[in-house]
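The values are calculated or read from the model by the stated rules, or taken from the named source; none is laboratory data. Treat the numbers as computed from the prediction; the structure is a model and nothing was measured. Glycine gets a Cβ as well: all are built from the backbone with ideal geometry, and neighbour counts include every protein chain shown. In case anyone asks, the SASA skips ligands and DNA or RNA and just uses the protein heavy atoms, side chains included. Shrake-Rupley method; radii C 1.70, N 1.55, O 1.52, S 1.80 Å.
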Amino acid sequence: MAKMICHVHHGGGPSGVSTTTPPRCGSEITYDGGTLPLNFSLEQKSGTFPVRHGFLLSSVSNETMEGNVVLFPFLAQGHMNPCLDLARLLSARYPQLTLTLVTTTGNLPHLRRVFPSHRLAHLPFHPADHGLPSDANTSFALPAHLIVPFHRATRSLEHSFRRLLSDLSTASDGPPLLCLITDMFLGWTVPVARSLGVFHAVLHPSGPFAMSIYNHFWSHVPHALSDADEFSVPGLPGVTVRRSQLSRNMLAATSPDDPNSIFVREQAEHCRRSDATLWNTADALEKPFLQAWAKSTGLPVFAVGPLFAATPKPPAGRGIKDGCAADVAAGCLSWLDGHQPGSVVYVSFGSQNRLPAMEAAALVAALEGQRRPFLWAAPVADQAPEGVAGEGMGLVVRGWVPQVEILGHAATGAFVSHCGWNSSLESMRHGVPVVGWPLVGEQTCNAKLMAEELGVCVVVGSAAEAAAAVAEVMGEGERGREVRRKAREVAAEMESAVSESREAKGASLGALDEFVEMVIRRAAASPTKLGVHQINGQ
């Protein structure tokens, strides 16, 4: 029988992180959201927190600059991780910069743990006021019908965020505010930043190929207004999308008045008024689509990914973890160590997707019928397949798993995936062929990119198709060898994008340098008028 590892999530913080207050460490800005002048509360890790920093770029007139970069990730794991990876990269590459990470009070314990030495600002957010579970600090584990209400509830952060940004932008006893970087689902921050004269950049945790399709179909729902089976996509010359390639929730939208359509359209319109766009992708993957986005929006684009691979190895805590994470990770990797190279199928559908129980059981049976070892990750308990049978064929893990390490392990030969963009990047970076079973959102677009443009994925829609595709991409037939060859080529290109030596700098690192230089040049050209805020140590 397949082995099962149980990993219990605690209530409270993001993705099972306990909200009981941990030991105080790092540097933190507490914002009460009131009407009195803003007070900052700084937690000290040791000694005095270095509020002021000098910054020097030789290409910027050899002028020493001070600067605070504010990052505001969306409250969903798949959006939060790329933003936190960007923060790590900025911190490592530009240690003179001050970074301020903005989140909500309920997410603070998680960020305290993964960023103990960074300045954190947290805003009040009360999910129950919006008809959500009181512990819905992120969208993790929310049922599908609450996702859009959660998205819209984050708009309630605008008032407190505006006052926070205003005080940061007029501070005289802290580093001058250089720019604000926010997630694409926080488009309402664009007019806030513009009203305060703050440079704004949108961080897209996905790629322009998927976002062009996603925004077009959600904003205009052409599939609901026509009986056509194939649709062109404005801004993507030569790209057509078949009705069968749309996700179930997208097909369910019957008019532009669908709540999800309204939300996506609002965010897209705001983001087009930003000053720049950062993308968690690489030129090697999506150069023509990056160029098409720049042409259609008129905004500068910077491909700075894959961010997870560009950053120094994060401390324990990236992703969905609790105190048992180290033991679970060790168990997964030890199990993989016992298998031959390229022999194991890794199965995961992310943290918010549910494969129908009958399909999950059918996939398990098919893999066992092939005598194919598999490791199945189920971040939420009801994602795990039931009735697993067979001697030693599978390992089912309930809870967080070290996905990057699993995909990088020599034993992993294929990935049955929902094609979320983070999972897609992690698989491509390690040269693991993808059997793509997209379920919702932009996942179908990511699968289309990997299958039709990059050749590293076989798209399926049932357990029988998935099992057949696994056998194909892991087998010795012509198509399997070709998919593996292309996967290795893409992996090498992605590694190059985030590598640096005396002789060469990867394209993604170069793009990030260009972005930072642009921001600093702008700050030097139009310095912010300075005001006063109050800083109190606690």
(request) Identify all residues within the stretch 101-136 that are crowded, with 22+ Cβ neighbours inside 10 Å and farther than 30 Å from LEU90 by Cα; write none if there are none. (result) PRO127
(request) Scan the stretch 321-357 residue by residue and report those that are assigned to a helix (DSSP H, G or I) and either under 26 Å from the mean Cα position of the chain (by Cα) or in contact (Cβ under 8 Å) with a residue 40 or more places away in the chain (or both). (result) ALA325, ALA326, ASP327, VAL328, ALA329, ALA330, GLY331, CYS332, LEU333, TRP335, LEU336, ASP337
(message) Tell me yes or no: at least one residue of the stretch 78-85 is modelled with pLDDT under 90, open to solvent by 10 Å² or more (accessible area, probe 1.4 Å) and within 26 Å of VAL498 (Cα to Cα).
(response) yes
(request) Return the total of residues in the stretch 107-135 being in a helix (DSSP H, G or I), more than 24 Å from PHE308 (Cβ to Cβ) and not acidic (Asp, Glu). (result) 3
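The rows are residues; the columns are (1) among the hydroxyl-bearing types (Ser, Thr, Tyr); (2) at pLDDT 90 or above.
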{"site": "ALA144", "(1), (2)": "no, no"}
{"site": "LEU180", "(1), (2)": "no, yes"}
{"site": "THR189", "(1), (2)": "yes, yes"}
{"site": "ARG194", "(1), (2)": "no, yes"}
{"site": "ALA201", "(1), (2)": "no, yes"}
{"site": "ILE213", "(1), (2)": "no, yes"}
{"site": "LEU225", "(1), (2)": "no, no"}
(request) Inspect all residues belonging to the stretch 241-252 and state whether any of them is of a type in the set (Ser, Thr, Tyr) and not in a loop (DSSP other than H, G, I, E, B). (result) yes
(request) Please enumerate the residues belonging to the stretch 150-184 that are within 21 Å of the chain's Cα centre (by Cα) and open to solvent by 50 Å² or more (accessible area, probe 1.4 Å). (result) ARG152, ARG155
(message) Kindly evaluate THR154 against the criterion of being in a helix (DSSP H, G or I) and out of contact with any His (no Cβ under 6 Å at 6 or more places or on another chain).
(response) yes
(message) Of the residues ARG248, ARG242, only one is surrounded by fewer than 15 Cβ atoms within 10 Å (Cβ to Cβ), over 25 Å from the mean Cα position of the chain (by Cα), more than 26 Å from LEU89 (Cβ to Cβ) and among the basic types (Lys, Arg); which?
(response) ARG242
(request) Could you tell me which numbered condition GLU286 fails, if it satisfies all but one of (1) within 30 Å of ALA491 (Cα to Cα); (2) of a type in the set (D, E, K, R); (3) open to solvent by 10 Å² or more (accessible area, probe 1.4 Å)? (result) (3)
(message) Of the residues SER139, SER219, only one is farther than 30 Å from THR98 by Cα, open to solvent by less than 50 Å² (accessible area, probe 1.4 Å) and of a type in the set (S, T, N, Q); which?
(response) SER219
(message) Anything in the stretch 194-203 that is in contact (Cβ under 8 Å) with a residue 40 or more places away in the chain and in a helix (DSSP H, G or I)? List them, or say none.
(response) ARG194
(request) Report yes if ASP227 is assigned to a loop (DSSP other than H, G, I, E, B), acidic (Asp, Glu) and under 30 Å from GLY399 (Cα atoms), otherwise no. (result) no
(request) Considering each residue of the stretch 449-464, count those that are out of contact with any strand residue (DSSP E or B) (no Cβ under 7 Å at 6 or more places or on another chain), closer than 27 Å to VAL364 by Cβ and open to solvent by less than 20 Å² (accessible area, probe 1.4 Å), and give that number. (result) 1
(message) Given (1) open to solvent by 20 Å² or more (accessible area, probe 1.4 Å); (2) farther than 21 Å from PRO438 by Cβ; (3) of a type in the set (A, V, I, L, M), identify the lone condition not met by VAL202.
(response) (1)
(request) Go over the candidates SER212, SER206 one by one and state the one that is in a loop (DSSP other than H, G, I, E, B) and closer than 13 Å to GLU442 by Cβ. (result) SER206
(message) Take the conditions modelled with pLDDT of 85 or more and in contact with a Leu (Cβ under 9 Å, 6 or more places away or on another chain) and apply them to SER274. Does it pass?
(response) yes
(request) Report, by residue number, each residue of the stretch 500-531 that is closer than 19 Å to GLY67 by Cβ and either of a type in the set (Ser, Thr, Tyr) or at pLDDT below 50 (or both). (result) SER526, THR528, LYS529, LEU530, GLY531
